[in-house]
1. Give just the number: which of (1) farther than 22 Å from TRP173 by Cβ; (2) touching a residue at least 12 places away in the same chain (Cβ under 8 Å) does GLN123 not satisfy?
2. Within the range 61-80, take every residue that is open to solvent by 90 Å² or more (accessible area, probe 1.4 Å) and touching a Phe, Trp or Tyr at 6+ places or on another chain (Cβ under 7 Å) and give me the one that is farthest from TRP268 (Cα to Cα).
3. What number goes with the only condition from (1) open to solvent by less than 60 Å² (accessible area, probe 1.4 Å); (2) within 23 Å of THR41 (Cα to Cα); (3) free of Cβ contacts under 8 Å to residues at least 24 places away in the same chain that SER92 does not pass?
4. Within the range 434-475, can you find the residues that are surrounded by 17 or more Cβ atoms within 10 Å (Cβ to Cβ), hydroxyl-bearing (Ser, Thr, Tyr) and not in a strand (DSSP E or B)?
5. Hey, does the range 351-359 have a residue that's buried (at least 22 other Cβ atoms within 10 Å of the Cβ) and either in the same structural domain as TYR239 (by the TED database) or polar (S, T, N, Q) (or both)?
6. Tell me which helices (runs of 4 or more DSSP H) are completely within the range 109-223 and hold 2 or more residues being surrounded by 15 or more Cβ atoms within 10 Å (Cβ to Cβ), or say none if there are none.
7. Give ILE331, ILE294 a once-over and let me know the one that is under 22 Å from VAL228 (Cβ atoms), in contact with a strand residue (DSSP E or B) (Cβ under 8 Å, 6 or more places away or on another chain) and in contact (Cβ under 8 Å) with a residue 60 or more places away in the chain.
8. Could you tell me which residue of the range 258-289 is surrounded by the most Cβ atoms within 10 Å (Cβ to Cβ), considering only residues that are under 14 Å from THR41 (Cα atoms) and of a type in the set (A, V, I, L, M, F, W, C)?
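The values are calculated or read from the model by the stated rules, or taken from the named source; none is laboratory data. Here the structure is a predicted model, which is why all the values come from computation and not from measurement. All Cβ positions, glycine included, derive from the backbone under ideal geometry; neighbour counts span all protein chains shown. Keep in mind that these areas ignore ligands, DNA and RNA; they rest on the heavy atoms of the full protein, side chains included. Shrake-Rupley method; radii C 1.70, N 1.55, O 1.52, S 1.80 Å.
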Amino acid sequence: PLLSALLRRMPDLEALQIMQLVNCPESFTPDMRCIMGESPTVRGYFVLAGMNSAGISYGGGAGKYLAEWMVNGYPSENVWPLDLKRFGTLQSSRTFLRHRVMEVMPLICDLKVPRWDFQTGRQLRTSPLYDRLDGQGARWMEKHGFERVKYFVPPGKDLLDLEQSKTFYKPDWFDIVGSEVKCCKEAVCVIDMSSFTKFEISSTGDQALENLQYLFSNDLDVPVGHIVHTGMLNENGGYENDCSIARLSKRSFFMISPTDQQVHCWAWLKNRLPDDSNLTMEDVTWKYTALNLIGPRAVDVLSELSYAPMTPEHFPSLFCKEMSVGYANGIRVMSITHTGEPGFMLYIPIEYALHVYNEVMNMGQKYGIQNAGYYALRSLRIEKFFAFWGQDLDAFTTPMECGREFQVKLEKGMDFVGQEALLEQKQNGVYKRFTMFILEDHDTDTDLWPWWGEPIFRNGRYVGKTTSSAYSYSLERHVCLGFVHNFDEKTGEELLVTTDFINQGEYEIDIAGQRFQAKAKLYPFSSLFTHRRRKDEVELSGYQRE
């Protein structure tokens, strides 16, 4: 079939003699992207494999970036989607690979709609609450082999129709996720976030603090019980990881990172921490179930279950404390939700997970409690301008470029990795800025939706692309996040991006060839929202950091 098509396009080839026909095996990967980079377990061992029948087209670029990696220690572009460390040992099972590759083969030439999921190799890593949530209508997606809830289908919905509704337009789960978001804002919701990567770092003396102070940009020498949002930066000031670290004791720290950081972050820290028997790092991801209680009534639910006051006066923001919840002891309660909404994260030893979940749901009934999934979380965090590593942040994004200067302590009394690069940016300025765009003339019901990767135009000129998008149920508009660059019109040279450059432009987001007007805002800002919900009543000016 291929030869016949070729001869139709190039008839002169018919007169040529075929001297050699090569038929050889091809290698495929679990996610249809090639594997590149340094081994997390053997330093200096580099891999470039699994080309998924695209080796000829990948060859030049893949070879270039791997060569840079080997010579310079890093490639010149963000290649995290291809990095070997996106996989763990769990993806090396022969049975898993056999089943997944059989699914991958036909998908390579298939049209991928937004938020589709692989069907093979599933239910590999699950929370202790999996069966309980599944029985309540949970619909699942997979991240780093871990099952995570997308949303919960209410009783009476046609499950088959909902599961097969794959589209670039308004999805069938729109109202379901809207209901979960509304509950997060007005009552209380529970999201199982057990997939987050969790490390404990401790020492017999001050070794843990001293090393973490060097490897992280923020000041971790805080009182016991406090939580610090910080970046783990490379020498160029780029984010190798964006995480939250709680100080459990004078010499012990609890680190929470994105799900797909488990291998990458472990390797990065192991290669940079000294070989000291007095300093230990343990991966405790599997030891804790994480429940996110989001909403204004979360404080009421937790107060009644713990018999302890949970108001801001007694339990301030970014605070961590071990408490009893129901009959269970040793629950790490943290006053963060990763969404900007009020609430708490509960890190629960897995043997107590089902008990604590049942207690929370039972106590929460009188407060209108509801299960929620990651689609609701995504909507909440994007409308609050929260950047996520792997989507918005990467090894080529610095805190100065995305308004996270407050997560950097340049004068904390000691040097840290990336400090010199950040000082230079602070003095000279940046060449890109992380920006929020609120679509003005986009019809949610009839227009194609933005998902991510859409071109951004300023005054008619291309200046960047979106990194993540979501519908804001509060603003009743789509919100996109992305980076804006500034190029010289004649030479194409990159120029500095200032606050005035962002604020004085007219912006459009291109969705499949159609441009929509957008209002641009910079981080940090205060709440976009008033108590009034209708979009014609929403005030979109006067931002400060919340």
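1. (1) is the only condition that GLN123 fails.
2. Among those residues, the one meeting the criterion is GLU77.
3. (1)
4. Within the range 434-475, TYR473, SER474 qualify.
5. no
6. Numbers: elements: 130-134, 159-164, 174-186, 207-215.
Ranges flagged: 130-134, 174-186, 207-215.
7. That would be ILE294, the only listed residue that is under 22 Å from VAL228 (Cβ atoms), in contact with a strand residue (DSSP E or B) (Cβ under 8 Å, 6 or more places away or on another chain) and in contact (Cβ under 8 Å) with a residue 60 or more places away in the chain.
8. The selected residue is CYS265.
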